[in-house]
Amino acid sequence: MGIDLKKHFDKVYVVNLDSRPDKWRAFKDRAKKAGVVGFDRFRAVDGSLCNPPAWYSFHGANMNGAWGCLMSHFMIAYDAMLSGADTYLVLEDDACFSSDFKERLPDVLAETNKLKNGWDMLYLGGQHLYKETRSPDKIEGTDLLKCVNVNRTHAFAVHSRFMLKFSQHIMHAPDYIDHRYYHNFLRHVDHQLGELHDHMQTIAPINWLCGQAEGSSDVNGQEKPQEWWHGKGWGK
């Protein structure tokens, strides 16, 4: 028996470029093997066709790819708000599922629903960055963490009370304009979000439910192995 994501989230988006039907097929194959249904393909913004504006500054090899990723997540947030969704889940097409995903997701959501302050963002996969801050805090009596800085955008959910703030923050132009004065730092959408995490209800399970599959990145073009970042932080 599988799990229907739309029974747990009002909207479920899988981000995929028109130029990568191979990654869409691979995602559906992984979902089928994991018993996961209830998701819709979201046509990702191709940064090579929709170039960034003059104010967007990105210290990295593929500015167009980073812009496309940023705009895809921005447009998803707007679509969810215009649809009146209370929650949405976004999966990038390289997301992969833990062997016990369909059993654990309902338990994770049940725990989050009992939290006194609820949640603004819920990460099902990612990488905790805490070299210059601190490690995430375990929430007593649960298998959940209160996050301080999460990297990666392949598997996260957003609550309606945070959707507008989410969209405003990731599109706050001065941060990208000023970025030209930063050295050796990528002002990517996940780094931008990470600056908020310690100031809101950012929740994650102790053990990730989603990783990133092996293959080539649509943002930087690099080949990467399957990665889960279990227990890994910045500089750890």
Out of the DSSP beta bridges found with both residues in the chain, what percent are antiparallel (nearest 5)? 60
Excluding same-chain residues fewer than 8 positions from Lys224, which lysines have a Cα within less than 18 Å of its Cα? Lys23, Lys232
With Rg and the Kirkwood Rh both taken from Cα atoms, where does Rg over Rh land for the stretch 84-129? 0.97
Compute the projected area of the convex hull of the Cα atoms of the stretch 60-115, averaged over all viewing directions, and report it in nm² to one decimal place. 6.0
Probe 1.4 Å, all protein chains in place: accessible area of Val45 in Å², nearest 10? 20
Unit charges on C-beta of K, R, D, E only; dipole of the stretch 57-103, Debye: 200
Just the number please: accessible area per residue for the chain, 1.4 Å probe, all protein chains included, in Å². 49
The chain - Kirkwood radius from inverse mean 1/r over Cα pairs (Å): 18.1
How much of the accessible area of the chain, in percent, comes from carbon and sulfur atoms when a 1.4 Å probe is used? 49
Taking a threshold of 22 Å on the Cα-Cα distance, which of the pairs Lys6/Lys28; Lys33/Lys146; Lys11/Lys165; Lys114/Lys146; Lys11/Lys102; Lys11/Lys32 fall above it? Lys33/Lys146
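When you count, for each residue, the other Cβ atoms within 10 Å and take the mean per peptide, how do 200-207, 149-156 rank with the highest first?
Result, highest mean first: 149-156, 200-207.
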What is the magnitude of the charge dipole of the stretch 79-121 about its Cα centre, with +1 placed on the Cβ of each Lys and Arg, -1 on the Cβ of each Asp and Glu, and no other charges, expressed in debye to the nearest 20? 300
Stokes-Einstein D for the stretch 92-182 (25 °C, 0.890 mPa s, Kirkwood Rh from Cα pairs), in µm²/s, comes to 160
Sequence-distant or interchain residues sharing an amide H contact under 5 Å with Gly215, placed H: which? Lys224
Set Lys and Arg Cβ to +1 and Asp and Glu Cβ to -1, take the dipole of the chain about its Cα centre, and tell me which of Gly47, Phe27, Met75 lies farthest positive. Phe27
Got a sec to turn the phi values of the stretch 80-89 into Karplus ³J(HN,Hα) couplings, 6.51 cos²θ - 1.76 cosθ + 1.60 with θ = phi - 60°, whole Hz, x for Gly and Pro? 5, 5, 5, 7, x, 5, 7, 9, 9, 10
Can you work out the Karplus-derived ³J(HN,Hα) for every residue in the stretch 5-18? Use 6.51 cos²θ - 1.76 cosθ + 1.60 with θ = phi - 60°, whole Hz, and x for glycine or proline. 4, 6, 7, 10, 9, 5, 10, 10, 10, 10, 7, 8, 6, 4
Taking GluC sites (Glu not before Pro) as exposed when in a DSSP loop with at most 15 other Cβ atoms inside 10 Å, the chain has its longest clean stretch at 1-131
With 19 Å as the cut-off, how large is the P(r) tail for the stretch 1-133, expressed as percent of Cα-Cα pairs? 59
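Where nothing but the Cβ of Lys and Arg (+1) and of Asp and Glu (-1) is charged, how large is the charge dipole of the chain around its Cα centre, in debye to the nearest 20?
With only Lys, Arg, Asp and Glu charged at Cβ, the dipole is about 200 debye.
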Roughly what % of Cα-Cα distances in the stretch 1-78 sit above 18 Å, to the whole percent? 51
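The values are calculated or read from the model by the stated rules, or taken from the named source; none is laboratory data. Note that the structure is a prediction, hence the values are computed from the model and not measured. FYI the Cβ positions are ideal-geometry reconstructions off the backbone, even for glycines, and counts take in every protein chain you see. Please note that ligands, DNA and RNA were not included when accessible areas were found on the heavy atoms of the full protein model with its side chains. Shrake-Rupley method; radii C 1.70, N 1.55, O 1.52, S 1.80 Å.
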